[in-house]
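Heads up: the structure comes next, in structure tokens.
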Amino acid sequence: MSTNSREQSSLSRRGTTISWRATDGPLTQELVLKPGKFGLGQVPAALQPDAMTQMVCGFCSTGCSLNIHLRCGKAVNLTPSVDYPVNLGMACPKGWEALSVLDSADRGTTPLLRDGRGKLRPVGWHEAMETFCRRFQKIQALHGMESIAFLSTGQITTEEMALLGALTKFGMGMVDGDGNTRQCMATSVVAYKQAFGFDAPPYTYQDFEESDVIVLVGSNLCIAHPIMWQRVLNNPHGPEIIVVDPRRTETAMAATQHLALRPKSDLALLYGLANILIREDWIDRQYIESHTSGFNEFRGHVAEFAPDHVASVSGVDVKQLYKVATTIHEGRRVSFWWTMGVNQSYEGVRTAQAIINLALMTGNIGRPGTGANSITGQCNAMGSRLFSNTTNLLGGRDFANAKDRRNVADILSIDASCIPDRPSWSYNEIIEGILRDKIKGLWIIGTNTAHSWINQNTCHDILDRLDFLVVQDMYSTTETVRRADLFLPAAGWGEKDGTFINSERRIGLIKKIAQAPGQALADFSIFRLIAEHWGCGKMFADWSDPEAVFQKLKQISRGQPCDITGIRDYQMIEARGGIQWPFAETDHHTPREGNLENHRRLFEDGQFFHADGRAKFLFELPREMPESPNSHYPYLLLTGRGTAAQWHTQTRTAKSAVLQQLGPRQIYVEINPQDARVEGIRSSQDVIVESQRGRLRAKAFVTPTVQPGQVFIPMHYDATNKLTLAHFDPYSKQPSYKDCAVRVRCVESWDDV
Ligand code: SF4
């Protein structure tokens with residue numbers, strides 16, 4: 001059988017994606033396609049599998065399912081699952097390489113403790129735990145219970161997040177702990193909560209295939225979510241694809257309409273579209289009347305955003321604005337999608353709500369192919385949003401609400417006074433808390449703060465002020481581990497059990513199919529070990545394993561919009577091809593014929609989660625960009641994802657030889673040919689990019705995909721955040737990574753950085 005007949009790397013009339021499709025044929029034939037662990041070509045006979053199991057991928061929020069091929073109980077290979085409603089037999093390069101990145105020389109195999117000479121040296125778990133508890137408890141005794149905090153991740157399982165949040169806040173006396181989801185999803189969380197009454201993305205991936213108009217705002221779906229993009233390409237209706245993005249991204253190139261707006265003019269542009277839709281009476285009055293509040297005020301607000309004015313602000317001409325508004329009006333099923341181009345902004349919440357407003361006013365919500373749909377980033381960002389016990393109390397509840405605290409305390413059989421009565425500081429407030437000497441000890445779990453946090457030089461300086469920094473990670477060499485006093489080695493995806501929740505609210509399983517290296521332990525086991533050593537082990541005696549915690553989370557979810565009491569157990573999740581929340585035991589769930597039919601969307605009845613059942617129109621005047629280009633720093637720096645083969649700080653993807661070949665290893669800066677001429681820069685030349693906060697050396701990539709006056713650097717390289725400006729959305733506290741002023745010049749000598 002030919003390999004080519006089964007491989008699909010170029011699938012569309014509009015463009016290509018780098019994904020490969022498995023088959024539902026015999027396993028041995030599928031293996032021929034494998035570009036991952038054992039390279040392309042025939043798998044050696046000794047590695048032919050004798051069993052197979054399914055689990056969801058551990059990189060991004062798409063939540064693809066992978067068939068793990070086992071031989072003698074050991075994972076030897078993988079292929080994407082054909083019978084799973086998310087990926088339908090596809091995976092992007094990261095998914096194909098999910099096993100490969102587990103094998104790496106820099107996996108943490110033993111705890112490491114910094115000695116008197118400043119070196120990290122191996123210690124046993126007992127010494128590590130004794131040190132962890134002694135040092136943190138001493139800080140609390142000297143500076144107060146709230147002087148230690150944690151920063152967590154969207155990459156561990158929901159059960160681990162819940163145990164960590166409960167351990168730290170109910171057992172260890174911490175109040176402040178936030179997730180790295182603050183860097184990607186906080187804006188959507190707040191936008192949804194304010195507009196819908198709960199953090200509730202309404203869609204199912206089926207909507208990508210059912211829309212006749214797809215509007216993508218600040219989303220390079222083709223690169224950031226390749227399998228979702230593949231679902232767009234599967235759409236049989238020949239949809240209009242409208243991309244709103246300053247860059248001519250891979251997705252914009254494949255779109256039918258690209259609005260190459262000026263950076264951060266998206267809020268004005270969206271209000272301008274609302275203005276046209278109202279002016280032309282292209283709105284759904286009945287839907288607005290029956291299911292929303294605040295429309296009249298919104299109409300008054302957008303009256304100020306006449307097309308001429310919006311054209312001058314955004315750089316998108318009036319004709320093009322009208323064309324988009326007309327397309328939305330003529331569409332029967334219009335879906336609006338956004339991701340980091342919206343979320344990572346100093347006015348992200350109001351921008352996300354401006355998108356929500358368009359869906360509400362045109363009645364494009366709660367029906368197939370519609371919705372105001374935020375796409376998540378990390379594999380378990382949604383688990384973090386609902387069950388991490390960081391800024392929300394477990395189950396999307398409120399720390400400041402005494403009734404919520406009592407409910408949770410009753411379910412967990414703990415004293416309600418153990419539960420903090422205020423929400424946590426957000427990530428940026430914790431970082432500022434270190435600077436203000438309020439936080440003296442920090443525990444970082446599964447995130448690479450020293451690389452990914454905005455304005456890196458300041459961030460490094462702040463981390464170095466801590467009395468005690470503990471980092472828990474799979475790898476012992478990240479930029480953050482290098483600054484740690486104590487390192488705790490953790491198992492990764494594939495080395496432990498639990499659940500993730502994907503972008504479309506689908507709960508999926510991960511399983512232990514490989515042994516963690518050396519003494520590395522599942523995060524779950526590390527948290528339980530800490531509970532014992534800290535002296536609060538009794539409180540978590542029945543948090544014995546991930547599935548026991550899942551059963552607790554079910555009870556905590558009861559009566560909440562994310563109610564999952566109808567999910568019996570892990571086996572049921574597996575049998576149904578993942579289960580989307582809500583799934584209450586009181587709901588009637590028609591058994592479906594096969595997994596592929598298993599998808600649901602929210603708000604089909606027009607009922608939202610506010611007390612009056614209505615969705616709110618929310619709006620505000622756009623604000624000035626805090627650091628516009630000027631005569632000293634004439635370019636605006638945009639950051640974002642570089643390729644589908646790179647994941648965040650590349651802690652994992654840099655470990656795969658295959659993935660390394662699919663993206664540039666060296667940091668590069670995209671610059672428009674016009675600007676390159678002015679600066680005397682040629683492609684592949686070394687250049688210095690400099691902001692008021694720092695400088696870096698990069699290869700120039702001269703390309704018209706960025707507009708004149710703008711440059712683009714991918715976020716995956718450790719130097720990128722030397723340049724960025726620490727500023728935040730006032731409501732979500734999410735960092736605004738995509739706007740700061742820089743200058744670019746040729747390297748004059750090799751010492752020139
Ligand atoms: Fe994994 Fe995301 Fe790629 Fe799917 S799209 S294989 S979930 S990284």
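Odds and ends about this structure:
- Relative contact order for the chain: 18 percent, from Cα pairs under 8 Å spaced at least 6 residues apart, divided by residue count.
- Label-point separation in nm, D83 to R71, each point 7 Å along Cα→Cβ: 2.5
- Cα centroid of the stretch 66-80 to Cα centroid of the stretch 734-749, whole Å: 44
- Cα gyration tensor shape of the stretch 396-521, rounded if a/c is under 1.5, else prolate or oblate by comparing a/b with b/c: oblate
- The calculated FRET efficiency for C746 paired with Q666, based on their beta-carbon distance and R0 = 22 Å, is about 0.85.
- Ratio of the Cα radius of gyration of the stretch 186-374 to 2.2 N^0.38 Å, where N counts its residues: 0.93
- Two-site FRET efficiency, D542 against H329, from Cβ-Cβ distance with R₀ of 60 Å, rounded to 0.05: 0.60
- Magnitude of the charge dipole for the stretch 186-374, about its Cα centre and with charges confined to Cβ atoms of Lys, Arg (+1) and Asp, Glu (-1), is about 220 debye.
- Full-stretch length increase - A611, S290 - with 0.36 nm per residue and alpha-carbon distance subtracted: 114.1 nm
- Within the shell of other residues whose beta carbon sits under 9 angstrom from the beta carbon of Y427, the net charge comes to 0, with Lys and Arg scored +1 and Asp and Glu -1.
- Based on protein heavy atoms only, the chain ends up with 35 Å² per residue of surface accessible to a 1.4 Å probe.
- Carbon plus sulfur fraction of accessible area for the chain, probe 1.4 Å, in percent: 49
- A probe of 1.4 angstrom, applied to the heavy atoms of all protein chains, finds K323 with accessible area near 110 square angstrom.
- Expected 222 nm ellipticity per residue - DSSP helices of 4 or more, -39500 (n - 2.57), all of the chain, to 500: -8000 deg cm²/dmol
- Solvent-accessible surface (1.4 angstrom probe) belonging to E146, in square angstrom, nearest 10: 90
- Potential lengthening between R568 and Q674 on full extension [0.36 nm per residue; Cα-Cα distance subtracted]: 32.1 nm
- Ordered by solvent-accessible area of protein heavy atoms (1.4 Å probe), largest first, the residues Y427, Y731 come out as Y731, Y427.
- Between amide H atoms placed 1.01 Å from N, distances below 5 Å from I365 occur with G371, all of them 5 or more places distant or on a separate chain.
- Accessible surface, 1.4 Å probe, highest first, among residues S61, S631: S631, S61
- Cα shape, the stretch 657-753, gyration tensor, a/c 1.5 rule: prolate
- Residues with amide H under 5 Å from that of L638, placed H, sequence gap 5 or more: V711, F712, I713
- Normalised size of the chain, defined as Cα radius of gyration per 2.2 N^0.38 Å with N residues, equals 0.92.
- Shape class for the stretch 275-317: prolate, because the ratio a/c of the largest to smallest gyration tensor axis (alpha-carbon atoms, square roots of eigenvalues) is 1.5 or more and a/b beats b/c.
- Applying 1/(1 + (r/R0)^6) with R0 = 30 Å to the Cβ-Cβ distance of S631 and Y322 gives a FRET efficiency near 0.25.
- For the stretch 541-556, putting each phi into the Karplus relation 6.51 cos²θ - 1.76 cosθ + 1.60 with θ = phi - 60° gives couplings of 4, 9, 8, 6, 7, x, 5, 5, 5, 4, 4, 5, 5, 4, 5, 5 Hz, in residue order, rounded to whole numbers and with x for Gly and Pro.
- The phi torsions of the stretch 419-424, fed into the Karplus equation with coefficients 6.51, -1.76 and 1.60 and a -60° offset, translate into couplings of 8, x, 9, 9, x, 5 Hz, rounded to whole numbers, with Gly and Pro shown as x.
- Magnitude of the charge dipole for the chain, about its Cα centre and with charges confined to Cβ atoms of Lys, Arg (+1) and Asp, Glu (-1), is about 980 debye.
- T643 accessible area, assembled protein chains, probe 1.4 Å, Å²: 20
The values are calculated or read from the model by the stated rules, or taken from the named source; none is laboratory data. These numbers come from a predicted model, not from an experiment. For neighbour counting, all protein chains shown are included, and Cβ atoms are generated from backbone atoms with ideal geometry for every residue, glycine included. These area figures cover heavy atoms from the full protein model, side chains too; ligands, DNA and RNA do not enter into them. Shrake-Rupley method; radii C 1.70, N 1.55, O 1.52, S 1.80 Å.
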